[in-house]
1. Taking segment 223-240 only, how many residues are within 21 Å of residue 391 (Cβ to Cβ) and at pLDDT 90 or above?
2. Among (1) at pLDDT 80 or above; (2) touching a Lys or Arg at 6+ places or on another chain (Cβ under 9 Å); (3) hydroxyl-bearing (Ser, Thr, Tyr), there is one condition residue 384 misses while meeting the rest; what is its number?
3. Quick one: in segment 541-591, which of the residues that are assigned to a helix (DSSP H, G or I) and over 24 Å from the mean Cα position of the chain (by Cα) is surrounded by the most Cβ atoms within 10 Å (Cβ to Cβ)?
4. Enumerate the helices (runs of 4 or more DSSP H) found wholly within segment 250-321, keeping only those where 2 or more residues are modelled with pLDDT under 85 and surrounded by fewer than 17 Cβ atoms within 10 Å (Cβ to Cβ).
5. Looking only at segment 178-204, how many residues end up being under 18 Å from residue 145 (Cβ atoms) and either free of Cβ contacts under 8 Å to residues at least 24 places away in the same chain or in contact with a strand residue (DSSP E or B) (Cβ under 9 Å, 6 or more places away or on another chain) (or both)?
6. Just for segment 345-400: of the residues that are of a type in the set (Asp, Glu) and assigned to a helix (DSSP H, G or I), which one is farthest from residue 578 (Cα to Cα)?
7. Restricting attention to segment 167-220, which residues are part of a helix (DSSP H, G or I) and of a type in the set (Lys, Arg)?
8. Condition first: surrounded by 19 or more Cβ atoms within 10 Å (Cβ to Cβ) and among the basic types (Lys, Arg). Now tell me which residues in segment 151-184 satisfy that.
Amino acid sequence: MKEKSATVESAAKKSDDQSKGSFADLGLGKELLAELATLGYEEPTPIQRAAIPPLMEGRDLLGQAATGTGKTAAFALPLLQRIGRVKAVGYKPNVLVLVPTRELAVQVSEAFHKYSKGLGTSVVPIYGGQEFRRQIVALHRGAHVVVATPGRALDHLRRETLDLSALQTVVLDEADEMLDMGFAEDLELILEATPKDRQTCLFSATLPPRIASIAERHLSDPVRILIPRDKSNKGSMPKVRQTAYIVPRAHKTAALGRVLDLESPTLALVFCRTRIDVDELADRLVGRGYRVASLHGGMSQVERDRVMKKARGEMLDLLVATDVAARGIDIDHLSHVVNFDVPASPESYVHRIGRTGRAGREGVAITLVDPREHRLLRNIEFLTKQKIAISTVPTPLDVKARRLDLTKGAIRELIQAGGHDGFRVVVETLAAEFDVMDVAAAAVRMAHEASVGESSGEDDSHIPTIESFARPKYGSSNAREESAARGSAPRQFQGKFDRKPAGKFAPQGKFEKKGKFAPKGNQSGGWEQPRNGAGSGGSRDNNSQDMVRVYIAAGTRMGIRPADLVGAIANEADVNPRGIGDIEVGEAFSIVELPDGDVERVITALRRTTLRGRKVKVHRDTGVRQ
């Protein structure tokens, strides 16, 4: 990558020198401009203003910008302009967009569809969990744009149902997420199958060394775009009120109910770690009288669309979701974000609370913190340079007072609105028989009970009060805490998959019998040696939970690589890949180290899915090889 000839774009730096302008000023065609006008797009965001012109010129691009800045339109619009009205050829797309998750693949595909209605552009998403034959048929019909997860794109390349020989542009969206999920080798294989003269665009929220390494190898004289966070943010969202409640896990559901009753959100997005947790919590909240829907990776696209339609149509009070499923959600009336569990990385916390408080609106972020999770909350405060207010869980009396206050406010609005003449005769009749204050109190009681519903009986369950834990001062010299606060992956995970494959689309071969988990007398084949000191016994960042070994009856004979296992665990069990420990891949089976709290969930999820198209045995490692 030639730094001296690269162009550096900084939206913050140029904002004083450059007028906001319009999409027409960027050189987009009339069909795209007409569609943008229909969608209500008035002016480009900073990253769109900086990225669209060079992409239309065919330049390579390296962009760094946070979630929610308009990255999708920044690359979709100029690439659609370049494609124009050329005829699509079966299996040979013009543009390939690689994304980390199936949810993001659908979201990006929908964006391309919206922008290109006047152009007749064909867009095909391909991702795991969708019927393979259906994808083959769609590709055969011809697609100008293919939006894919790396694993599924590689599967189609191996089957020769995807041909990249005619590719004009490849886009790596959320590149840091793809590397965290273990897709480094897949990306290398896919990029090697593309023409050397292709245009390459790489977008990432962060630019760690691994991203810089990919850019160095695969981008030619790129335009560099940096959209910095607002300095006033100090790493967080200035319009988001952040509050944490310290609650033992066994009491979290009851505590959440009280907090929601106190806050009365217009719409709250509640984050859970796994799809199982999502469904269980949603059922409990339905029992409390809320209108609730779940959103997770186990849902079909039809189910997801139905849920999002309800959410945008203000037919829900609560949307309970996993991080992966909630990626890209932007709902105007979303007032609250709730972390049912503290997210494992500070960046995840910032991304979560960024779902509210957008476009100048004020939002609320609530986090329920188990006392054992205090280290994670400290890490978040360190990253954001902001203290999160610690509050005590509302008591039943607090909730009752709040409900009465809401009723009082509703009655005040009705009085101010007027138009009660038709009801005065009832009041006058009752006032002749009873004290007027008793009549008013009875009416208020009736209105209050009608508003809170039958299921709002006071929650008298005892929730222990936990004293606030001490916080470290910002700028702590504790290197380990600072490393975790920056959201870096555990040392044994960093760079684990940053190795060039031995051959094109070829699974890894045998490895020497080395590694932490190599059993004595193993007759089933050699182990893959831990990479970059993965099994060296060094200190571990997963110190909040014991690590447990999980046996998976799939190895190099099936073409399994560590990236496949990380991708399956992260997508199917909704486990943060940063929490995954050592991975050992043998010929016939593999061993994965996981935090104890994630083990049963991972085992259940992997038993339900397939690896390389086959069902495999998964259980806690007992040392017995099958």
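The values are calculated or read from the model by the stated rules, or taken from the named source; none is laboratory data. Keep in mind that what you see is a predicted model, and the values were worked out from it rather than measured. Please note: Cβ atoms are built from the backbone with ideal geometry, for glycine as well, and neighbour counts cover all protein chains shown.
1. If we filter segment 223-240 for residues that are within 21 Å of residue 391 (Cβ to Cβ), which is where we start, we get 236-240.
From what is left, the residues that are at pLDDT 90 or above are none.
Count: 0.
2. Failing condition for residue 384: (1).
3. Quick first cut of segment 541-591, residues assigned to a helix (DSSP H, G or I) only: 556-558, 562-572, 577-579.
Among the residues that remain, those that are also over 24 Å from the mean Cα position of the chain (by Cα) are: 556-558.
Details: 556: 22, 557: 15, 558: 19.
In this case the residue turns out to be 556.
4. Where helices (runs of 4 or more DSSP H) fall fully within segment 250-321 and carry at least 2 residues being modelled with pLDDT under 85 and surrounded by fewer than 17 Cβ atoms within 10 Å (Cβ to Cβ), they are 301-312.
5. Taking segment 178-204 and keeping what is under 18 Å from residue 145 (Cβ atoms), we get 190-191, 193-195, 198-203.
Checking the rest, the ones that are also either free of Cβ contacts under 8 Å to residues at least 24 places away in the same chain or in contact with a strand residue (DSSP E or B) (Cβ under 9 Å, 6 or more places away or on another chain) (or both) come to 190-191, 194, 198-203.
The number of residues fulfilling the criteria is 9.
6. In this case the residue turns out to be 398.
7. The initial filter retains those residues of segment 167-220 that are part of a helix (DSSP H, G or I), namely 175-180, 184-192, 209-218.
Within segment 167-220, 210, 217 meet the criteria.
8. Answer for segment 151-184, where residues must be surrounded by 19 or more Cβ atoms within 10 Å (Cβ to Cβ) and among the basic types (Lys, Arg): just 152.
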